[in-house]
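Chemist: After the structure tokens below, expect a handful of questions from me.
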Amino acid sequence: MSRRYSRAISGLMSEYATRVWSPFTQMRADAPALPVRRAEGALIELEDGRVLLDGIASWWVTLHGHGQPEIAAAIAAQASELEQVLAAGFTHRPAEELADRLVALLPAPLQWVFYSDDGSTAVEVALKMAYQFWRNESAPGRKRFLRFEGAYHGDTLGAMAVGERSLFTSAFDDLLFAADAVPFPATWDGDAEIAAKEERALARLRQLLAEHPGEYAAMIVEPLVQGAGGMRMCRSQFLVAVQALLHEYDVLAIYDEVMTGFGRTGEFFACLTANTQPDIICLAKGLTGGFLPLAATVCSDRVFAAFCGGADRAFYHGHSYTANPLGCTAALASLDLLAAEAFRPLAQWQREEIQRLKGHERLGRTRVCGTIAAVDVLVAGEEGYWHEIGPRLREGFLKRGILLRPLGNTVYVLPPYCMQRDQLASVYDALCELVDAL
Ligand code: PLP
């Protein structure tokens with residue numbers, strides 16, 4: 001155990017081994033946090049010497065793998081040059097270069113980059129931007145938002161408001177503005193009902209748009225894959241149809257690509273995989289290759305233009321660390337690594353591995369989108385996030401040296417792009433072994 005860690009745990013309340021309040025954790029009941037010493041590639045080494053294979057890229061951020069030397073070196077060089085400067089009234093090369101490179105990769109309409117800190121703030125920025133856009137456009141009646149059922153967009157109040165209500169939000173429901181929900185037509189391999197589900201979802205969207213003409217500011221979408229909601233996947237053609245309806249009613253499309261960005265769905269962004277063009281896109285997580293918190297909300301010329309003019313039209317939003325030079329530098333180094341497109345072979349291996357699970361009597365609804373693969377463990381009782389099998393599976397994987405965090409009875413694999421073929425196979429071997437033992 002490192003000196004630092006042992007110092008941190010000495011002198012604590014006797015009951016607990018930590019003062020750190022973990023997220024999404026019942027501190028008195030859940031298993032204590034595992035102390036980590038170091039990490040490299042797809043491996044995480046614990047203080048007690050155990051090594052875990054990171055099957056979820058440490059919450060979907062560690063794009064290329066842990067400790068990528070190119071990113072670490074770029075950050076170190078930047079740190080001795082310019083570590084931080086306020087973003088209002090100042091700019092710098094890493095922020096400018098990153099904005100240029102992001103815009104070059106994104107669909108043509110997306111031109112203006114607003115930096116913030118994480119996925120939730122990227123979403124907050126997008127929501128405020130869309131809301132004020134209509135005010136500035138002299139259409140202040142456009143106050144409503146549309147969302148999908150099962151959505152998750154983060155944990156700040158605005159982001160929660162456009163997400164699914166659940167135990168995660170219930171303490172705050174009174175604080176959350178309403179957002180009208182449209183069914184999400186989740187699909188999987190061999191799903192015979194998908195066309196009907198899509199038609200129902202589109203019919204509901206059409207109905208809401210027709211009932212509230214001129215009232216919607218924007219619809220927020222996790223394109224192709226709803227992440228925390230259960231790795232639920234939809235088809236590109238559905239997103240194309242949604243886009244057509246939003247265009248018809250002049251409602252902005254916000255794509256939350258916090259999880260799906262940077263190769264996850266098989267192309268650089270899900271909007272490219274789906275061949276759609278949002279008005280605003282939210283990027284975070286993999287943006288810096290998992291090294292530093294940084295987010296970007298990128299909008300179209302049309303949206304940006306509405307904020308130009310008098311002081312009352314400006315966008316009054318910002319954070320202390322907006323456009324942090326170290327974060328921007330990490331992102332530039334990450335984009336350099338991304339050019340090798342290591343997500344493409346990984347996507348192929350995921351399809352092959354998922355294929356192996358088909359026909360397993362305890363597994364169903366296999367699905368793959370690019371580098372993201374998921375399968376449901378067939379269980380008795382109500383399926384979903386709160387199914388008791390989730391923690392049991394997590395524990396079983398840990399015992400086998402694998403870090404996965406099943407979403408209830410949904411097991412998903414979302415590896416860093418450096419994961420080797422045999423490492424990936426070992427994750428699926430463990431899954432089969434565990435499920436067989438249930
Ligand atoms: N949006 C999506 C689609 C996410 O999956 C997440 C986090 O999982 C967020 C937003 C929130 O991002 P963060 O945890 O960085 O605030």
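Chemist: To the nearest 10 Å², what's T91's accessible area with a 1.4 Å probe?
Modeler: 90 Å²
Chemist: Moving on. Counting Lys and Arg as +1 and Asp and Glu as -1, what is the net charge of the other residues whose Cβ lies under 11 Å from the Cβ of D191?
Modeler: Details: positive: K197, R235, R365, R367; negative: D189, E193, E198.
Cβ neighbours under 11 Å give a net charge of +1.
Chemist: Still on this structure, I have one more. Using label points projected 7 Å from each Cα along Cα→Cβ, tell me how many nm separate D336 and E96, to one decimal.
Modeler: Those two pseudo-labels are separated by 1.9 nm.
Chemist: Hey, what number do you get for the chain at 222 nm if only DSSP H runs of n ≥ 4 count, each worth -39500 (n - 2.57), divided across all residues, to the nearest 500? Provide the component values of the computation, followed by the final result.
Modeler: Numbers: 14 runs with 155 residues, N = 438.
Result for the chain, helices only: -10500 deg cm²/dmol.
Chemist: For R344 and R405 in one chain, what is 0.36 nm times their gap in residues minus the Cα-Cα distance, to one decimal in nm?
Modeler: 19.6 nm
Chemist: Oh, and also: In the range 254-355, which chymotrypsin sites (Phe, Trp or Tyr not before Pro) are in a loop and have at most 10 other Cβ atoms within 10 Å, using DSSP for the loop call? Don't skip to the answer; put the middle values down first.
Modeler: Details: sites: Y255, F262, F268, F269, F291, F304, F307, F315, Y316, Y321, F343, W349; in loops: F262, F268, F269, F291, F307, F315, Y316, Y321.
Those that pass, being in a loop and sparsely packed, are Y316.
Chemist: What is the percent carbon and sulfur in the accessible area of the chain, measuring with a 1.4 Å probe over the protein chains and ignoring ligands?
Modeler: C and S atoms contribute 55 percent here.
Chemist: Just add up the charged neighbours of Q423: K/R +1, D/E -1, any other residue whose Cβ is under 12 Å from the Cβ of Q423.
Modeler: On the way: positive: R421; negative: D54, E353, D422, D429.
Computed value for this residue: -3.
Chemist: Evaluate the relative contact order of the range 286-362 (contact order divided by residue number), counting alpha-carbon pairs under 8 angstrom at least 6 apart; express in whole percent. Could the numbers behind the result be given before it?
Modeler: Details: 30 pairs, mean separation 30.5, N = 77.
The value is 40 percent.
Chemist: Compute the separation of the alpha-carbon centres of the range 22-81 and the range 378-438 and state it in Å as a whole number.
Modeler: 19 Å
Chemist: Now for a separate question. With every protein chain kept in place and ligands, DNA and RNA left out, what is the accessible area per residue of the chain? Probe 1.4 Å, answer in Å². Don't jump to the answer; show the numbers that get you there.
Modeler: Values: 19640 Å² over 438 residues.
Dividing the accessible area of the chain by its residue count gives 45 Å².
Chemist: A further question on this structure: Calculate, axis by axis, the spread of Cα positions in the range 164-275 along the three principal axes, and write the results as whole Å, longest axis first.
Modeler: 37, 34, 28
Chemist: Express in nm, to one decimal, how much length is gained between H247 and V20 on full extension, taking 0.36 nm for each residue of separation and deducting their alpha carbon distance.
Modeler: Numbers: separation 227, 0.36 × 227 = 81.72 nm, distance 4.67 nm.
Result: 77.1 nm gained on full extension.
Chemist: May I pose another question? Taking 7 Å along the Cα-to-C-beta vector as the label spot, tell me the A210-V51 distance in nanometres, rounded to one decimal.
Modeler: Placing both labels 7 Å beyond Cα along the Cβ direction yields 6.1 nm.
Chemist: Can I ask one more? Over the chain, one equal point on each Cα, no solvent: what is log10 I(q)/I(0) by the Debye formula at q = 0.08, 0.11, 0.13 Å⁻¹?
Modeler: -0.46, -0.89, -1.25
Chemist: Roughly speaking, what is the stretch gain from R302 to E382, that is 0.36 nm per residue apart minus the C-alpha to C-alpha distance, in nm to one decimal?
Modeler: Numbers: separation 80, 0.36 × 80 = 28.80 nm, distance 4.52 nm.
So the chain would gain 24.3 nm between R302 and E382.
Chemist: Got the relative contact order for the chain handy, in percent, Cα pairs under 8 Å and 6 or more residues apart?
Modeler: On the way: 810 pairs, mean separation 93.6, N = 438.
RCO, the chain: 21 percent.
The values are calculated or read from the model by the stated rules, or taken from the named source; none is laboratory data. Quantities reported herein were computed from a predicted structural model and do not represent experimental measurements. All Cβ positions, even for glycine, are placed from backbone atoms using ideal geometry, and neighbour counts span all protein chains on display. Heavy atoms of the whole protein, side chains included, go into the accessibility calculation; ligands, DNA and RNA do not. Shrake-Rupley method; radii C 1.70, N 1.55, O 1.52, S 1.80 Å.
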